[in-house]
1. Could you line up 64, 139 from fewest to most neighbouring Cβ atoms inside 10 Å?
2. Principal axes first, then extents: for the Cα atoms of the range 44-143, list largest minus smallest coordinate on each axis, whole Å, largest first.
3. Hey, fewest Cβ within 10 Å first, where do 132, 60 land in order?
4. Given contacts defined as C-alpha pairs under 8 Å and at least six residues apart, what's the relative contact order of the range 29-139, whole-number percent?
5. Return the tail of the calculated pair distribution for the range 51-110, meaning the percent of Cα-Cα pairs more than 16 Å apart.
6. Describe numerically, in nm with one decimal, the distance between label points set 7 Å from Cα along Cα→Cβ at residue 84 and at residue 138.
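Where a number appears in this text, it was derived from the coordinates with a stated rule and is not lab data. In this text the structure is predicted, and so the values were computed from the model without any measurement. So basically every Cβ, Gly included, is an ideal-geometry build from the backbone, and we count neighbours across all protein chains shown.
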């Protein structure tokens, strides 16, 4: 069993202070699985926004998913940066499946999949996975 109070040093462009194991893995993350092909959605473009009560969205970052269907930089927000509030993840489903040479009707059923969600507890990890095909998607709050 991993000791949650064990200290590690995270050296990938993050602060050099020692973090506990739990802090290292806590924050906000996403992962996309391509259910049509049965694997990670490597190469899908994703954008993260903060949102306000009146629907305004501010782009935080855009990235392309790595070979494992995850953000190549790791967490979208680490434990210290994640704030209570509302967020939006936008996944370019049409562009991804078109790049895989899937024959899509025009207009296709799914284009951009937008997930709006709230973070109420910054002391917890928020994982927002997407399972997607050209015709359907599902999400949940993962761990």
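1. 64, 139
2. Computed over the range 44-143, the largest-to-smallest principal extents equal 43, 33, 22 Å.
3. Listed from fewest to most nearby Cβ atoms, that is 60, 132.
4. Values: 214 pairs, mean separation 35.9, N = 111.
Rounded, it is 32 percent for the range 29-139.
5. Of the Cα pairs, 61 percent sit more than 16 Å apart.
6. Result for the modelled spin labels: 3.2 nm.
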